[in-house]
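Data block below; observations after.
The values are calculated or read from the model by the stated rules, or taken from the named source; none is laboratory data. From a predicted model like this one, the values you see are computed outputs, not experimental measurements. We place every Cβ from the backbone using ideal geometry, glycine too, and count neighbours over all the protein chains shown.
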Amino acid sequence: MQALAPGVHLHPGYLDASAQKALLEEIRAVVAQAPLYVPAMPRTGKPMSVRMTNCGALGWVTDKERGYRYQATHPVTGEAWPAIPKMLLDIWDDVANFPLLPQACLVNFYSADAKMGLHQDRDEQELGAPVVSLSLGDDCLFRVGGTARNAPTASVRLGSGDLVVLGGEGRLAFHGVDRIYPGTSMLLKNEGRINLTLRRVTRGQI
Ligand code: SIN
Ligand code: MN
């Protein structure tokens with residue numbers, strides 16, 4: 001385990017090749033039920049370059065009119081999100097050090113030219129639980145800083161199977177993805193990267 005910033009820990013190679021394949025199959029099943037869609041930024045309605053879906057009781061969504069939020073249904077199909085695969089719940093149990101299970105798993109798909117600007121994950125009421133983040137597919141350049149936007153940042157290349165935990169002091173650390181390195185992994189059929197983030201949303205026992 002490697003500290004990238006206070007409270008931000010990288011577990012390189014957390015999932016071996018066979019576990020990555022098994023998890024990818026689970027995510028394919030999620031996406032078959034809850035298709036990836038193009039999220040839009042609050043107010044401007046500018047489309048994000050990352051495509052998204054979710055599994056879990058709650059999913060993180062964003063659109064022009066209502067902005068960032070959690071909701072129980074897919075914004076395009078109107079259906080409830082599929083359940084979080086057991087494999088992900090077990091991973092949370094292993095690394096989160098939190099007594100309750102995650103309620104939301106955001107699935108981000110990055111094509112070769114997608115990126116994500118520096119931001120904090122702060123739409124959750126429960127900030128005592130960490131954010132657990134897994135990478136599958138092509139490498140990316142991940143950037144993480146402190147809890148102020150202008151704090152110095154560190155950059156690290158994340159590969160398929162790597163896991164990052166943002167907890168404690170690092171729960172509100174600014175982070176983002178500057179670029180994808182297309183063609184660096186054979187896991188997916190085509191180029192691209194999948195990122196999964198597990199989160200608790202509400203406070204208490206739900
Ligand atoms: C996110 O912050 O939602 C995604 C981070 C990542 O893709 O590694
Ligand atoms: Mn985030």
Out of the residues in the stretch 107-125 that are more than 11 Å from the chain's Cα centre (by Cα) and among the acidic types (Asp, Glu), which is farthest from residue 200 (Cα to Cα)?
113
Name, by its number, the condition in (1) within 10 Å of ligand 1 (Cβ to nearest atom); (2) assigned to a loop (DSSP other than H, G, I, E, B) that does not hold for residue 180.
(2)
What pairs come up if the first residue lies in the stretch 173-194 and is in contact (Cβ under 8 Å) with a residue 40 or more places away in the chain and farther than 9 Å from residue 137 by Cβ, the second is part of a loop (DSSP other than H, G, I, E, B) and within 12 Å of ligand 1 (Cβ to nearest atom), and their beta carbons are under 7 Å apart, counting only those six or more places apart or on different chains?
174/120; 177/115; 178/115; 179/115; 181/138; 182/138; 183/138
State yes or no: is residue 149 crowded, with 17+ Cβ neighbours inside 10 Å, farther than 14 Å from residue 4 by Cβ, away from ligand 2 (no atom under 11 Å from the Cβ) and modelled with pLDDT of 95 or more?
no
Select from the stretch 158-190 the residues that are surrounded by fewer than 20 Cβ atoms within 10 Å (Cβ to Cβ) and of a type in the set (D, E, K, R) and write down the one among them that is farthest from residue 200 (Cα to Cα).
189
Subset tally (residues that are away from ligand 2 (no atom under 11 Å from the Cβ) and over 18 Å from residue 36 (Cα atoms)) for the stretch 174-203:
14
So is residue 98 closer than 28 Å to residue 153 by Cα and within 16 Å of ligand 2 (Cβ to nearest atom) or not?
no
Out of curiosity, is residue 83 over 30 Å from residue 148 (Cβ atoms), within 16 Å of ligand 1 (Cβ to nearest atom) and surrounded by fewer than 18 Cβ atoms within 10 Å (Cβ to Cβ)?
no
Residues that are charged (D, E, K, R) and within 12 Å of ligand 1 (Cβ to nearest atom): list the strands (runs of 3 or more DSSP E) wholly contained in the stretch 113-167 that include at least 1 such residues.
139-144, 154-158
Which residue, of 18, 49, is surrounded by fewer than 13 Cβ atoms within 10 Å (Cβ to Cβ) and either of a type outside the set (A, V, I, L, M) or within 26 Å of residue 179 (Cβ to Cβ) (or both)?
18
Looking at the structure I just gave you, is residue 66 of a type in the set (Lys, Arg) and within 16 Å of ligand 1 (Cβ to nearest atom)?
no
Total residues in the stretch 33-89, condition in a loop (DSSP other than H, G, I, E, B) and of a type outside the set (A, V, I, L, M):
23
